[in-house]
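The values are calculated or read from the model by the stated rules, or taken from the named source; none is laboratory data. These numbers come from a predicted model, not from an experiment. Here the Cβ is made from the backbone with ideal geometry for all residues, glycine too, and neighbour counts use every protein chain on show.
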Amino acid sequence: MIRKLLFVSLVLLIPYISFSQPEAAVEDWKGKTILLIGAHPDDDAYSIATLGMLQANGNEVYIAILTTGNVGTQDPELSMIDLANIRRLEEQAALAAMGIPLDHYINFGYDDGMLEYENKKEVVAKLVRVIRQVRPDVLFSFDPGKGEQRWHKADHRASSYLAADAARAAMWPLLFQGQITNEGLEAHTIPAYVLYDSSEDDINTWVDISDYKERKIKAMSQYVSQWSSGWYKYTGPELSDEEAKVVKERVSKRIKYKDGKPVEGFRYYEGLPDNIGR
Ligand SMILES: [Zn+2]
C-alpha cells in the first residue's frame, strides 16, 4: 500500500518536476491565443508538434513569418519569386498537416538573408501591430538568450531581437501610438514566452509530443525544397516513394527524446518583456 501511495505521489509530481516553469504543463493549456514569430517559412519546425497540439487542444495558434525564404536554395534554376511561392505553399501544407488554419498565417514579405539590414523601426512597427491585433497570451520566438546574447545565424538572430523588442513596444500605449489613435488598437502586454532554439542549458520545458510525432514528420516532409534533393534541384512538391522515405528518416533523426518520449524543448519565461533575457 505504501509503495502504491509512493508511486502515485511520484506520478503526480512528475509534471511539476519535468515542467517546472509553466504553472500548468503546456500539454494542458486551453483557451490561449498563441503567436509565433519566426524568420523563415519553416521556422515553425522547432515547435510545430507543440503548436499542432495546442491548436487541437482548444487554443488559437497564429504564425507570423518575417521573410519569404526566397534565397534558401542551392538550385541555380530557381528565381527568388519561384522560391518565395514554393516556400509559401510548403509552409501552408505543413500548417495544414498540423491542423493550423491557413488564415492564421501571416508573412511580412521581407527578403531572406537581409532581415538585419531592414529598417528596424518599420519591422518592429509591423510586429507590434500584429501583437496588438492578435493579443497573444503566449509568444513563441527564437530565444534572444538568457544572461548573455544567444548566437543564431543572421535572420534568426534578427528575428529573436525584433520579436523581443516588438513584445516590449506593444505594451506601451505611447509607442507606435498612431496604431491606437488611428487604427483602434490597444496596447497589449504578452505575459508568457516560449522561446525556441535555446541553449541546451537554458531549456526548462520539455513538451511530450508522442501523439504528434507522426504528424510532425508529415508536416516537415512538406518542406520539399529544404529537406529533399529539391535543395539542389527542385522538381516540384511531389516526392518519389524512395525520396519520401529518405526525407522521413532525415526529419525523424532531428526529433529529440527524453525519458524515451519524443519531445520539443523550450525556455519558458513568464513576466514583463523587459526581462526576457534575464
Ligand atoms: Zn530559419
Return the residue satisfying two criteria in turn: it lies in region 158-193 and is touching an Asp or Glu at 6+ places or on another chain (Cβ under 7 Å) and under 29 Å from Ala49 (Cα atoms), and of such residues it is surrounded by the fewest Cβ atoms within 10 Å (Cβ to Cβ). Pro191
Return the only residue of Leu139, Leu127, Leu162 being in a helix (DSSP H, G or I), closer than 21 Å to Asp44 by Cβ, under 20 Å from the mean Cα position of the chain (by Cα) and more than 16 Å from the ligand (Cβ to nearest atom). Leu127
List the pairs whose first member sits in region 179-202 and is within 15 Å of Ala167 (Cα to Cα) and without any contact (Cβ under 8 Å) to a residue 40 or more places away in the chain, whose second member is part of a helix (DSSP H, G or I) and not aliphatic (A, V, I, L, M), and whose Cβ atoms are under 6 Å apart, counting only residues at least 6 apart or on separate chains? none
Report, by residue number, each residue of region 148-159 that is in a loop (DSSP other than H, G, I, E, B), farther than 15 Å from Tyr193 by Cβ and within 15 Å of the ligand (Cβ to nearest atom). Trp151, His152, Lys153
State which residue is nearest to the ligand (Cβ to nearest atom) when the search covers only region 47-63 and only residues that are crowded, with 24+ Cβ neighbours inside 10 Å and not β-branched (Val, Ile, Thr). Ser47
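Considering every residue within region 224-243, establish whether at least one is closer than 30 Å to Asp165 by Cα and among the acidic types (Asp, Glu).
Taking every residue of region 224-243 in turn, none turns out to be closer than 30 Å to Asp165 by Cα and among the acidic types (Asp, Glu).
Which of the residues belonging to region 222-278 are of a type in the set (Ser, Thr, Tyr) and within 17 Å of the chain's Cα centre (by Cα)?
Tyr223, Tyr268, Tyr269, listed by residue number.
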Given the condition at pLDDT 95 or above, within 16 Å of the ligand (Cβ to nearest atom), of a type in the set (S, T, N, Q) and not in a helix (DSSP H, G or I), answer yes or no: does some residue in region 189-203 qualify? yes
Subset of region 22-62, residues within 22 Å of Ile203 (Cβ to Cβ), in contact with a His (Cβ under 9 Å, 6 or more places away or on another chain) and not in a helix (DSSP H, G or I), comes to Gly38, Ala39, His40, Val61
Determine if region 93-113 includes at least one residue that is modelled with pLDDT of 95 or more, within 16 Å of the ligand (Cβ to nearest atom) and within 21 Å of Trp29 (Cβ to Cβ). yes
Qualifying position, being buried (at least 17 other Cβ atoms within 10 Å of the Cβ) and within 30 Å of Ile81 (Cβ to Cβ), among Tyr232, Tyr196: Tyr196
